[in-house]
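Please treat every number below as a calculation from the coordinates, not as lab data. Please read these numbers as outputs of a predicted model, since none were measured by experiment. Note that each Cβ is placed from the backbone with ideal geometry, even for glycine, and that neighbours are counted across all protein chains shown.
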There are 4 protein chains.
Amino acid sequence: MSKIDPIRVRLDAYPIRQEITTRVSDNDGYGHLNGIRIGHYYEEGRASFYRTIGDLAKHPRVLVAELTIRYLAEGFWPGQVEVATGIVRIGSSSFVMGQALWQNGVCIGLCDTVLVHSSNGQSSPLPAHFRNQLERNLLKA
Amino acid sequence: MSKIDPIRVRLDAYPIRQEITTRVSDNDGYGHLNGIRIGHYYEEGRASFYRTIGDLAKHPRVLVAELTIRYLAEGFWPGQVEVATGIVRIGSSSFVMGQALWQNGVCIGLCDTVLVHSSNGQSSPLPAHFRNQLERNLLKA
Amino acid sequence: MSKIDPIRVRLDAYPIRQEITTRVSDNDGYGHLNGIRIGHYYEEGRASFYRTIGDLAKHPRVLVAELTIRYLAEGFWPGQVEVATGIVRIGSSSFVMGQALWQNGVCIGLCDTVLVHSSNGQSSPLPAHFRNQLERNLLKA
Amino acid sequence: MSKIDPIRVRLDAYPIRQEITTRVSDNDGYGHLNGIRIGHYYEEGRASFYRTIGDLAKHPRVLVAELTIRYLAEGFWPGQVEVATGIVRIGSSSFVMGQALWQNGVCIGLCDTVLVHSSNGQSSPLPAHFRNQLERNLLKA
């Protein structure tokens, strides 16, 4: 596992944040939030991110190529979690979305998602207007 | 399908209410909240109900014997839903929990859950303290 | 709760049957299959039913109006469950699908789904070809 | 994203394999298997792995520290997927489980899970008997 960049565990570094209600169905047999169901919080954060940064209908289709979740502390039901989302890196035809998950003032996890712009099944350069929206939502140093 | 008692679609009739964030993962291929995943909202409402009415550790174990969900209108992501929960009927060893689901001022569904107090695999009379808690949380006419 | 018609717990009464792998994620904190996740087995059975009885593209759109699940015994992971599906009743614009869930030779649950044929937001008579397909898949007495 | 070791896309390199029924509820609005729900297939594979390699009751508690999923091709419902599981690397107090997901003869994804043996909230050396079981289940070159 790679070392964690300190910016990634600073909530105010992320441009977009959303509260999500945990559900008893997110728990598993160990009495904590299940590691895969936590993935749905990040998924929800990505969906919020897209809705927030611009007109969804004008977004190009991007595919998830790789998803990495770090587990820093256990999460618990009941209560809220807050998922914070921003852009970590922008390439020519792909970009990395970075997320952090908070509960009760503790950063309990991180998620990196590599997303590729694809057109007719091939990776293709990010359209200028979309790249622009991504740039405006980079993590703030 | 039986006729709906008008009290069931009155939000203020229910003693316990909770807001839940919908998630994009609650959607199905039809672009609305999936009928089974809606079941998790009701499940969450039941869990809140138990936590609210008294000390969980003192509750007897009750089993779901029957669950009936009515679908009155489509639900949508994103946004919140509110689940309202109360007691509809109390028998000697079982009771019926009644719930309603609201979104944007519309009652989109109802749920009735028949719960049975069981002890050693047999239905057994509801303990007096628990029956008392249930009675205090009957739907208000 | 209504009395169970004996035909409903006879596996060979159902025209369509499907095996489903249980998953550890179907369990809940009580160490058995969760009551709501069991709903996905029935949902899967309904989807199989539609694919089996005829050309999906020619099916009219039907909406779930009511779903009732009976819990007859606990279900467990790991292993398989078998969901059996057939038609219980056919009305003019709606019908009832009946299902049973089996694990290790035991019928652990039943599901009744009231489905309504809707056109432009209104219930509307079942098309003749579809009614015909439903009739051929009634539970066998 | 790192380059893929060719051994990882060879099904016969993995000591433990399991078939899982896909469910219509694994689909998302794009008509393919949802990226997070795919995570439950890998979770199921890990659970099978633990049950297969030895007496569960004698296993030490290990925590997921990091989970990385690669998406190589879309997966579809209906049908089966096969998840293949083995050990990729063994450290002093942690190990990496490697998995591949197959559908219709195509490797549609890979998963790497970093698992840490913890005792009283601290990482602690892998017990000898468990390390032995892991070694016997390394990917076969």
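Lysine pairs, Cα distance under 28 Å, 8 or more residues apart or cross-chain: how many in the protein assembly as shown?
Close lysine pairs under the 28 Å cut-off: 10.
Using a simple charge model, +1 on the beta-carbon of Lys and Arg, -1 on the beta-carbon of Asp and Glu, nothing else, what dipole does region D:6-135 show about its Cα centre, in debye to the nearest 20? Walk me through the numbers before you get to the answer.
On the way: 12 positive and 12 negative charges, 67 e Å.
The calculated dipole for region D:6-135 is roughly 320 debye.
Please check: in the Gaussian network model of chain B (C-alpha springs, under 10 Å), which one of B:ALA84, B:ALA47, B:ALA128 has the largest mean-square fluctuation.
Of the options given, B:ALA128 has the highest mean-square fluctuation.
Only loop residues by DSSP count here, and only those with at most 13 other Cβ atoms within 10 Å; note down the trypsin sites (Lys or Arg not before Pro) in region B:34-98 that meet that.
Working: sites: B:ARG37, B:ARG46, B:ARG51, B:LYS58, B:ARG61, B:ARG70, B:ARG89; in loops: B:ARG61.
Hits after loop and neighbour filter: B:ARG61.
For the protein assembly as shown, divide the Cα radius of gyration by the Kirkwood radius and give the resulting Rg/Rh value with two decimals. Numbers along the way, then the final one.
Numbers: Rg = 24.5 Å, Rh = 25.4 Å.
A ratio of 0.96.
Calculated FRET efficiency, D:ALA57 and D:SER118, Cβ-Cβ r, R0 22 Å, to nearest 0.05?
0.80
Inside 10 Å of the C-beta atoms of D:88-99, what's the mean count of C-beta atoms belonging to other chains? Before the final figure, lay out the partial values.
Working: counts 0, 0, 0, 0, 0, 0, 1, 0, 1, 0, 0, 0.
Partner Cβ neighbours, averaged per residue: 0.
Quick one: which of D:1-9, B:110-118, C:10-18 comes out on top by average Cβ neighbours within 10 Å, and what's the full order, highest first? Working shown, then result.
On the way: D:1-9: 12.1, B:110-118: 20.8, C:10-18: 16.6.
So the order, starting with the most tightly packed, is B:110-118, C:10-18, D:1-9.
From other protein chains only, count the Cβ atoms within 10 Å of every residue's Cβ in D:15-23, then give the mean. Could the numbers behind the result be given before it?
Numbers: counts 0, 0, 0, 2, 1, 4, 10, 3, 8.
If you average over the peptide's residues, the count of other-chain Cβ atoms is 3.
If Lys and Arg each add +1 and Asp and Glu each add -1, what is the summed charge of the other residues whose beta carbon sits under 13 Å from the beta carbon of B:LEU139?
Working: positive: B:ARG8, B:ARG10, B:ARG17, B:ARG89, B:ARG136, B:LYS140; negative: B:ASP5, B:ASP12, B:ASP112, B:GLU135.
It works out to a net charge of +2.
Compactness ratio of chain B: Cα Rg over 2.2 N^0.38 Å, N = residue count?
Details: Rg = 15.4 Å, N = 141, 2.2 N^0.38 = 14.4 Å.
That ratio works out to 1.07.
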